[in-house]
Amino acid sequence: MRKIIVKGQTFDEIPTRVPVKMHMYAKALAFALNQNLRQSYIEMTEKFLREKPWETGLKWRQTKGLSQTLTESAGRQATGWMQINMRVTPEQGADLTRIAQSADISMSSVTYTILYWWTWYVYPPAYERERRAKLQAQRSGGSKA
């Protein structure tokens with residue numbers, strides 16, 4: 001993590017790796033919420049820190065590598081992951097550092113988990129909302145019979 005200054009504001013920049021599709025969806029969400037990615041990262045981190053979903057069952061997500069050795073990649077496609085830099089407030093950065101240390105995980109995994117939680121639980125894609133609704137309907141309809 002490093003400190004950076006953007007337009008006179010100080011941020012903590014945390015490099016992480018995420019699936020490309022997740023990053024594209026996070027960008028679309030930011031646009032739909034009338035935010036830029038920096039604003040979105042700060043909002044999702046604030047909500048994550050406030051709600052503490054890891055205390056109610058959310059598992060920490062491990063990041064994957066961006067590349068493979070020639071032997072590992074023989075006959076396989078690229079990993080589909082990309083590096084991003086999440087910018088959060090210094091206060092959030094300090095909180096995330098404490099969480100990473102207490103959970104004994106990397107900062108990269110903490111920030112990936114935040115993005116995963118935001119894009120899969122807080123704002124799941126339409127196809128996932130539909131899948132969950134169908135499953136719920138089956139459960140409630142099946143229990144009446």
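The values are calculated or read from the model by the stated rules, or taken from the named source; none is laboratory data. What you are looking at is a predicted structure, and each value in this text was computed from that prediction instead of being measured. Neighbour counts run over all protein chains shown; Cβ positions are idealised from the backbone, glycine included. For the accessible areas, the whole protein counts, side chains as well, though only heavy atoms, and no ligand, DNA or RNA atoms are used. Shrake-Rupley method; radii C 1.70, N 1.55, O 1.52, S 1.80 Å.
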Candidate aspartates and glutamates for bridging to residue 64, where Cα separation is under 16 Å - those fewer than 8 sequence places away on the same chain excluded:
72
Report, in degrees rounded to the nearest 10, the 0 to 90 angle that the Cα long axis of helix 126-144 makes with the longest principal axis of the chain.
40
Using the alpha-carbon atoms, what tilt in degrees (0 to 90, nearest 10) does helix 37-51 show relative to the longest principal axis of the chain?
70
Give the cross-link partners of residue 27 among the aspartates and glutamates, using a straight C-alpha distance below 17 Å as the criterion and excluding same-chain residues fewer than 8 apart.
43
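Just from its helices, what would the mean residue ellipticity at 222 nm be for the chain, if runs of 4 or more DSSP H residues each count -39500 (n - 2.57) and the sum is divided by every residue, rounded to the nearest 500 deg cm²/dmol?
After summing the helix terms and dividing by the residues of the chain, the value is -16500 deg cm²/dmol.
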With every protein chain in place, the accessible area of residue 38 for a 1.4 Å probe, in Å² rounded to the nearest 10, comes to 60
Quick check on segment 88-145: what are the equivalent-ellipsoid semi-axes from the Cα gyration tensor, as sqrt(5λ), descending, whole Å?
36, 13, 8
Need one number: nm distance between label points at residue 89 and residue 2, each 7 Å from Cα along Cα→Cβ, rounded to one decimal.
2.4
Residue 135/residue 43 FRET efficiency (R0 35 Å; Cβ-Cβ; nearest 0.05):
0.75
Using only Cα atoms, find the angle between the long axis of helix 107-117 and the longest principal axis of the chain, and express it within 0 to 90 degrees, rounded to the nearest 10.
30
Once the convex hull of the alpha carbons of the chain is built, what does its volume come to per residue, in cubic angstrom?
163
Can you pull the percent of the chain's accessible area that's carbon plus sulfur, 1.4 Å probe, other chains left in place?
52
